[in-house]
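Shown next, in structure tokens, is the structure this report addresses.
What follows is calculated from the coordinates using simple rules that are stated; it is not laboratory data. Predicted model, so just to flag it, every value in this text is computed and none were measured. Positions of Cβ are backbone-derived with ideal geometry, glycine not excepted, and every protein chain shown enters the neighbour counts.
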Amino acid sequence: MARPSTEDRLDIIDVCTRFGWHADRREWEQFAEVLTDELYVDYTALVGGEPGDVKSAELIAGWREQFARLETTQHLIAGHLVDVAGDTAVCTANFQAQHVTAVSYGDQKLVLSGHYRFGLVRADGGWQINSVVMTPTWSTGNLAVLGMSGSS
């Protein structure tokens, strides 16, 4: 991959930042705009299971359901490293995601930290995410906040 133009780099960073921004604000229509209709999703390092392709509408429906149980979230995405090859790109960025629930599971917060690896494609003159791999490096709080068992 090659060093991107300034315009491509800024556009890609903007799209990856909007991934967390729109999810945190429950702006699902705008969230959908940063995704391709189908994308590869890998959250197995956190939740297990198998990675794979999913329709963006199905991903959003799952997040809507999960986020409905949460009082608030905040996804901070920073340190973007961007590589572009023609009409495809990879953006790797650190994240810290805070999840707070009003329902008592003991500790009502979960903080995850790690990095995202976003795959992107140029579509209709802009960039969209067609792949998300989330790799956590540490967490603190209660995994039950996300509907998982255990705490870290």
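The table below gives the values:
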| read-out | value |
| --- | --- |
| Residues whose placed amide H lies under 5 Å from that of Ser131, excluding near-sequence neighbours | Tyr40, Gly119 |
| Helical contribution to [θ] at 222 nm, DSSP H n ≥ 4, -39,500 (n - 2.57), averaged over the chain, rounded to 500 | -8000 deg cm²/dmol |
| Under the Karplus curve 6.51 cos²θ - 1.76 cosθ + 1.60, θ = phi - 60°, whole-Hz ³J(HN,Hα) for segment 12-23, x wherever Gly or Pro sits | 5, 4, 4, 4, 5, 5, 5, 3, x, 4, 5, 5 |
| Cα-based helix-to-principal-axis angle, 56-68 vs the chain, degrees rounded to 10 | 30 |
| Excluding exposed DSSP-loop GluC sites (Glu not before Pro) (at most 13 other C-beta within 10 Å), longest clean stretch of the chain | 72-152 |
| Alpha-carbon centroids, segment 1-59 and segment 107-141: separation in whole Å | 7 |
| Additional length obtainable on full extension of the chain from Val100 to Glu58, 0.36 nm per residue less Cα span | 12.8 nm |
| The chain: relative contact order in percent, alpha carbon pairs under 8 Å with at least 6 residues between | 24 |
| For segment 28-44, 3J(HN,Hα) per residue [Karplus equation, 6.51 cos²θ - 1.76 cosθ + 1.60, θ = phi - 60°, Hz, x = Gly/Pro] | 5, 5, 5, 4, 4, 5, 8, 10, 6, 4, 9, 9, 8, 10, 9, 10, 5 |
| Separation in nanometres of the label points that stand 7 Å from Cα toward Cβ, at Ala123 and Leu76 | 3.1 |
| Cleavage-rule hits, trypsin sites (Lys or Arg not before Pro), segment 36-106, DSSP coil, Cβ neighbours within 10 Å at most 15 | Arg69 |
| Order of Asp53, Asp14, Asp24 - criterion: other Cβ atoms within 10 Å of each residue's Cβ, fewest first | Asp53, Asp14, Asp24 |
